[in-house]
Amino acid sequence: MAQTRRQDGPSVVRCPRCEVRGLPGAQGRPGRALSRVTRDGGAKVDVCSDCGEREAERDALGWPPVPLTAWPVSVDDLLREDRERYKRARRSRMSVMRIGPDEARRMLGEDA
């Protein structure tokens, strides 16, 4: 796995899938995701949050996952994944809800 040394601190581990983003120190921190490729057996591999979204998008599109043997993913394939992700996001419907404090408490199961 590629590592880069920051001038003022410890080395930063790059995402093994894209080799672009750095991974924050501890598992479960924002900016890290668990790769879908490794969930069905084998060692768990952390990827950057962008690659986590790319893998989720591939799954939603019915595309096969990129095997670990093909990592790092080529720049062309990363761009293709991102292009599809942005297309789907633009087609999706967004809505805004307004709720008052009483309704919020009910939604949370608290007494109104």
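Residue by residue, what Karplus-based ³J(HN,Hα) values in Hz, rounded to whole numbers, does region 53-65 have, using 6.51, -1.76 and 1.60 with θ = phi - 60° and x for Gly and Pro?
5, 4, 5, 5, 5, 4, 4, 5, 7, x, 7, x, x
If you add up the charges near Asp82, with Lys and Arg at +1 and Asp and Glu at -1, over every other residue whose beta carbon is less than 14 angstrom from its beta carbon, what do you get?
That works out to +2.
Amide H of Arg32: which non-local residues (sequence gap of 5 or more, or other chain) have their own amide H closer than 5 Å, using H built in the peptide plane?
Residues meeting the criterion, in which the H sits 1.01 Å from N, are Ser49.
If I stretch the segment between Asp102 and Tyr86 completely, what's the gain in nm (0.36 nm per residue apart, minus their alpha carbon distance), one decimal?
Taking 0.36 nm per residue and subtracting the Cα distance, the gain is 2.1 nm.
If you project the alpha carbons of region 26-90 onto their three principal axes, what span does each projection cover, largest first, in Å?
32, 26, 21
I want to check the label-to-label distance for Leu61 and Val12. Put each point 7 Å from Cα in the C-beta direction and report it in nm to one decimal.
Distance between the two pseudo-spin positions: 2.7 nm.
Bear in mind that the values in this text are calculations on the coordinates, not laboratory data. Not measured: the values here are computed from a predicted model. Here the Cβ is made from the backbone with ideal geometry for all residues, glycine too, and neighbour counts use every protein chain on show.
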